[in-house]
1. For segment 38-69, which positions are under 14 Å from the mean Cα position of the chain (by Cα), exposed (fewer than 15 other Cβ atoms within 10 Å of the Cβ) and part of a strand (DSSP E or B)?
2. Could you list, in sequence order, all residues of segment 20-37 that are over 12 Å from Cys112 (Cα atoms) and not aliphatic (A, V, I, L, M)?
3. Residues being over 11 Å from Lys72 (Cα atoms) and part of a strand (DSSP E or B): count how many of those fall in segment 97-108.
4. Which of (1) crowded, with 17+ Cβ neighbours inside 10 Å; (2) part of a loop (DSSP other than H, G, I, E, B) does Gln75 not meet, given it meets every other one?
5. Could you figure out which of (1) surrounded by fewer than 17 Cβ atoms within 10 Å (Cβ to Cβ); (2) free of Cβ contacts under 8 Å to residues at least 24 places away in the same chain isn't true of Val81?
6. Could you please let me know if Phe66 is farther than 16 Å from Pro140 by Cβ, among the hydrophobic types (A, V, I, L, M, F, W, C) and in contact with a Cys (Cβ under 6 Å, 6 or more places away or on another chain)?
7. Do we find that Val92 is modelled with pLDDT under 95 and assigned to a loop (DSSP other than H, G, I, E, B) in this structure?
Amino acid sequence: MDNRTFRDAMGKFATGITIVTTEVAGKVKGMTVNAFMSVSLEPKLIAVSIDKKASLYDILQTNPSFGVSVLKDEQKDVSMVFAKQKEQENPVPITKLQEVPVVEGALVNLACKVVDKVIAGDHVILIGEVEDLVLRDGDPVLYFGGSYREIKAT
């Protein structure tokens, strides 16, 4: 099978959208990631998958911590800015959780410390232990079949 067919097949799995953030020399760096999952309850672990070609790849190899922000449906533009699909018109509101930068007002913010890295093909899977979190009400922005979607009430 070719890469396009594989991507199309993986796009049939609806995912939430997260922004992975970290700080380097006082500057917040981030990227849109939909390859995110919970791993363990004891200890509280999550995983994110980062392409080796991603701008954050080298940074996340050395930084001891990172943030994950699960975006609300009204934060689709934030996802597009971090995915470099849209020019940034206004600064993305960033706050700190345990000294880790996260997107302000997200559905969930997680502050994580890196506990393991697994090379998997052309990606690295970062395993993070959740040190703190903030949970808010709202609906997630979703990604399915190559486009953003919303949950519709029935």
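1. Passing the criteria: only Ser38.
2. Glu23, Gly26, Lys27, Lys29, Gly30, Thr32, Asn34, Phe36
3. Residues meeting the conditions: 4.
4. (2)
5. The number of the failed condition is (1).
6. The answer is yes for Phe66.
7. When the stated conditions are applied, Val92 passes them.
Okay, residues lined up against (1) under 13 Å from Pro64 (Cα atoms); (2) surrounded by 18 or more Cβ atoms within 10 Å (Cβ to Cβ); (3) under 16 Å from the mean Cα position of the chain (by Cα):
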{"position": "Thr95", "(1), (2), (3)": "no, no, yes"}
{"position": "Glu104", "(1), (2), (3)": "no, no, yes"}
{"position": "Leu107", "(1), (2), (3)": "no, yes, yes"}
{"position": "Lys113", "(1), (2), (3)": "yes, no, yes"}
{"position": "Val118", "(1), (2), (3)": "no, no, no"}
{"position": "Leu126", "(1), (2), (3)": "yes, yes, yes"}
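The values are calculated or read from the model by the stated rules, or taken from the named source; none is laboratory data. Note that the coordinates shown come from a computational prediction; the quantities given were computed from them, not determined experimentally. Every residue, glycine as well, gets a Cβ built from its backbone with ideal geometry; the counts of neighbours run over all protein chains shown.
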